[in-house]
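Have a look at the structure below, then the notes.
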Amino acid sequence: MRKFVLTLILAAACTGAVAAPERTPFDAQAVISQQQQIRADIEAKRGVYGKLDIATRQEVRERQDNLLKLLDGRSYEQLSAEEQDQARLHMAWIEYAGKQDDDRLVCERLRTTGSNRVERVCKTVAQRRAEKESSKNNADRMLQGRSASPCGPEGCQ
């Protein structure tokens, strides 16, 4: 099975079936100012980026330095296609590093009752927590409505 999956991935990569990154232009000056704000948050240890562990903070700084070198005095149109891809990769990595745990996507494989079919369900941590709280609240409400008597709500007969 593992060989089959790896073969499919390799075949997709060779045929170009893997989606290329989106090529919409970005404003280099806006990206630079955004990165400066992120750097200020890291240095002041505030916001999401200020809460990162030391290794991740260092990686963000290095990627920011590489990104700023790429964009130094240049606009999007002045970058080669390879440089545009590198810039997008750095921006995406920095953005992902700043995502809080609630934004993280968690996928699980669920089997429907009475079926052998497995379905992949992906939800954010925040969505999963909300569903868990909601189901707990519903169960509590149902338990409160139950009678403590073993005879039922009408009484014993």
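The values are calculated or read from the model by the stated rules, or taken from the named source; none is laboratory data. Predicted model, so just to flag it, every value in this text is computed and none were measured. Because the Cβ atoms are built from the backbone with ideal geometry, glycine has one as well, and the counts that use them run over all protein chains shown.
Could you tell me whether the range 45-64 includes any residue that is closer than 18 Å to Phe26 by Cβ and in contact (Cβ under 8 Å) with a residue 40 or more places away in the chain?
No: the range 45-64 contains no residue that is closer than 18 Å to Phe26 by Cβ and in contact (Cβ under 8 Å) with a residue 40 or more places away in the chain.
If we keep just the residues of the range 61-101 that are in contact with a Leu (Cβ under 7 Å, 6 or more places away or on another chain) and under 20 Å from Ala40 (Cβ atoms), which is modelled with the lowest pLDDT?
Ala97
It is to be established whether one or more residues within the range 124-145 are free of Cβ contacts under 8 Å to residues at least 24 places away in the same chain, surrounded by fewer than 10 Cβ atoms within 10 Å (Cβ to Cβ) and hydroxyl-bearing (Ser, Thr, Tyr).
no
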